[in-house]
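Contents: one structure, followed by commentary.
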Amino acid sequence: MADVIYPRLIGARLRSQLSYRASFAMDFVTQVIAQCYELLVILILFTQIHALGGFTKNEVLLMYAFAGTAFGVADLFAGQLDNLPTYIRTGNFDVLLMRPLGTLPQIMCSDIRLRRIGRISGALAVLGYALANVPIGWTPAKVLLVIATPIAGSVIYGAVWVVACSICFWIVDGREFANAVTYGSNAFTSYPINVYSRPLRWFMAFVVPGAFVAYYPSLALLGKQDPLGLPGWVGWTSPLVAALAAGVAGLVWRFAVRHYRGTGS
Amino acid sequence: MLAGMTTNVVFGLLRVAVLAAALKAANGEIAEYDIAATNTYVWIGQGLLGFVLLWGNNELAERVRSGDVVVDLYRPWHLQGALLAEDVGRGGYAFLVRLAPPAVFGMLLFPFQFPAHAYQWPLFLMSAVIALVSSFGIRFLVEISSFWLIDNRGLYGFWNVTSGLLCGLTVPIAFFPEWAREVLWLTPFPAMLQAPIDVFLGHGNVVKLLLYQLFWAAAILAVGHFVLQRAVRKVVVQGG
C-alpha cells in the first residue's frame, strides 16, 4: 500500500505548492538568499584574510558547498520535523499513529517544501565553482566521492534532524534546542573544523558526525593532510558514517515514539 | 526561554571560533577588533538578538490575514503605540533572560573587553533600547505589509534571512569592504545591532551613533504610523 500512497501524497504536495506561482517564486528566491548568507560571510572574511585555519578561500567554499547541498536535501525531506511539537501539543500525532504507515515517513511526506530546491541550487552552483577552482588530482574514485558526499551528508543531517527533534517528545517546546543542533551543525560544517575549540569540535564533529559531511571528504578530494591528525582514508568513510547515523536515528525515533502519550480528547 | 538561550550560546561559540580563526590569520587584529573585542562583539550580539528581537513571530500578519486584526483596530488605542509598549515590556524580560546570560557567559569564559569608562554602561543601555524600538518598527512594517500582500511570508522570510548580515549579527560591519560599510551605515540596519555593540566597545563616536539611531527609530516609527493609517482606510469588515 505504501508504495502507492507516498508517491500520490508527495505529488499532491508538490502540485499544491506550484499552484501559487508568485508566492513560490518569492519563497524560492528567499531560499537562494538564505543559502548565500554564509557564502557572503565567507567572502567578507576573506576580504580581510588569505587563509582560514590553513585553507584558502576556494577550499573553504568547497566545504561550504558540500555542507550546503547536503543540508538543503536533508531540509527538503526532514525539515518538516520542525512541526513535530505542534503535532505533539495538539494531539495530532495520534492521527499518524492510527494510520497503517510508519510515523516518520508520514511526517516527512507531510510537507515536502519544494522551495528548498532554491537552497540546494544555490549550494550546487558554489560547488561547481569551487570544484573548478581548487587543485584536485582527479581519479574515478574522486568523481564518485564528489557524488557520494552530498548524499551521505544529507543522510547524516537527516539523522541529526530526527534525533534532535525526538527531544520534543520529552520537552514539547524543544524546537529551538533541536534547531540549535540542526541549523547549528549546518553553520558548523561549512567551515574547516580545525578552527573550532576542542569541546565544540568533539561534540559537533564526532558525536554529531558533522565532520563527515564536508570536512573529511574535502580533505580526501584535495589530497590534504588533516591538521588534526586523522589518517587520509577517513575522508572516504562518510557513507558508512551516514548508514550508522541513520540506524541510530531510527532507533532513537522508535524509542521516542514509544514514549508518546496522546492528549486524549 | 532556556531553548532560545541555548541557541544563542551554540551560535555564539560557532561564531567566536570562526572569527577567532580569521583574526589569527590576520595576525591578531582586523579593523579595531582584537580577540577580546571580537568575543565581546559576539556575546553582546547574541544577547541583543533576543533583546531587540530581530525576528518576530509574524503574529500580527496572521491576524491581518484571518481578519482578527479588526478587534485590535477598534480598541481605543493607537495600534502601533500599544504594540510598541508591549514590545518594550517584552524587552524588559528579555533583558534578563536573553541579553544577560550570553553576555555573562562570554564575560566569564572568554577574554572580554569591558567598557573603558563607567558612563558607557548607561549609554549602552540607552542604545540597546533605541535599537529595540527600531527593530520593533521594522517588524511592524513587515507584518502590516500583509494588509496589501495578504500572505506576507515571502517578505517576512526575506527579512529573516537578510537582517542578520545587514545588522551586523554574524560579521562586524567593520569587516565589510569599504563601499558596503558606507552604504550600510546610510541604512537603518546597523542601528538595530551593530550600533549598541559599538557603543559598548567604544568604537566610533558615541554621540553620533546615538543620534543616528534616534533618527532612524523616529523615521521608522513615523513610516509605520503613516502606513498603518493607509491600511486602516482599506480595511473592510465583513459581517457583524
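The values are calculated or read from the model by the stated rules, or taken from the named source; none is laboratory data. Since the model is a prediction, treat every value here as computed from it, not as a measurement. Cβ: placed from backbone, ideal geometry, glycine included. Neighbour counts: every protein chain shown.
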Counted residues in segment A:133-150 being closer than 19 Å to A:A211 by Cα and surrounded by 15 or more Cβ atoms within 10 Å (Cβ to Cβ) come to 6
From the option list B:P111, B:P101, single residue qualifying as over 18 Å from B:V129 (Cα atoms), of a type outside the set (D, E) and modelled with pLDDT of 90 or more is B:P111
Exactly one of A:A123, A:A130, A:A74, A:A65 is in contact with a Phe, Trp or Tyr (Cβ under 6 Å, 6 or more places away or on another chain), crowded, with 17+ Cβ neighbours inside 10 Å, in a helix (DSSP H, G or I) and of a type in the set (A, V, I, L, M), and that residue is A:A74
Of (1) under 20 Å from the mean Cα position of the chain (by Cα); (2) within 14 Å of chain B (Cβ to nearest Cβ), A:L76 satisfies every one except (2)
The helices (runs of 4 or more DSSP H) lying entirely within segment B:177-240 that contain at least 2 residues which are out of contact with any helix residue (DSSP H, G or I) (no Cβ under 8 Å at 6 or more places or on another chain) are B:178-185, B:206-234
Result of the Cβ filter at 6 Å on segment A:19-33, keeping first residues that are at the interface with another protein chain (Cβ under 9 Å from one of its Cβ atoms) and partners that are of a type in the set (K, R) and not in a helix (DSSP H, G or I), at least 6 apart or interchain, is A:D27/A:R115; A:Q31/A:R115
Per the filter on segment B:18-77, residues of a type in the set (F, W, Y), under 27 Å from B:W159 (Cβ atoms) and either away from chain A (no Cβ under 13 Å) or touching a Gly at 6+ places or on another chain (Cβ under 8 Å) (or both) are B:Y41, B:W43, B:F51, B:W77
Subset of segment B:1-17, residues more than 7 Å from chain A (Cβ to nearest Cβ), farther than 15 Å from A:L200 by Cα and assigned to a helix (DSSP H, G or I), comes to B:L2, B:M5
Note: among B:R153, B:R98, just one is among the basic types (K, R) and buried (at least 21 other Cβ atoms within 10 Å of the Cβ), namely B:R98
Of those in segment B:80-95 that are crowded, with 18+ Cβ neighbours inside 10 Å and not hydrophobic (A, V, I, L, M, F, W, C), the residue nearest to B:S145 (Cα to Cα) is B:Q80
Within segment B:162-176, the residues that are in contact (Cβ under 8 Å) with a residue 12 or more places away in the chain, part of a helix (DSSP H, G or I) and within 17 Å of A:Y37 (Cβ to Cβ) are B:S163, B:G164, B:L166, B:I173, B:F175
Just one listed residue, out of B:F147, B:F136, is within 27 Å of B:T40 (Cβ to Cβ) and either surrounded by 14 or more Cβ atoms within 10 Å (Cβ to Cβ) or hydroxyl-bearing (S, T, Y) (or both), and it is B:F136
Within segment A:206-225, of all residues that are in contact with a Ser or Thr (Cβ under 6 Å, 6 or more places away or on another chain) and under 27 Å from A:Q106 (Cβ atoms), the one surrounded by the most Cβ atoms within 10 Å (Cβ to Cβ) is A:V213
Problem set entry | Residue check, A:L104 buried (at least 16 other Cβ atoms within 10 Å of the Cβ), assigned to a helix (DSSP H, G or I) and free of Cβ contacts under 8 Å to residues at least 12 places away in the same chain | no
Filtering segment A:226-261 down to residues that are assigned to a loop (DSSP other than H, G, I, E, B) and exposed (fewer than 12 other Cβ atoms within 10 Å of the Cβ) yields A:G229, A:P231, A:R261
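For (1) hydroxyl-bearing (S, T, Y); (2) surrounded by fewer than 24 Cβ atoms within 10 Å (Cβ to Cβ); (3) at pLDDT 90 or above, each residue gets a yes or a no:
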residue	(1), (2), (3)
A:A164	no, no, yes
A:G174	no, yes, no
A:A178	no, no, no
A:P192	no, no, yes
A:S197	yes, yes, no
### Task
Check segment A:172-185 and report whether any residue there is within 21 Å of A:I42 (Cα to Cα) and part of a loop (DSSP other than H, G, I, E, B).
no
How many residues of segment A:86-101 are more than 29 Å from A:Q35 (Cβ to Cβ) and either in contact (Cβ under 8 Å) with a residue 60 or more places away in the chain or buried (at least 18 other Cβ atoms within 10 Å of the Cβ) (or both)? The answer is 10
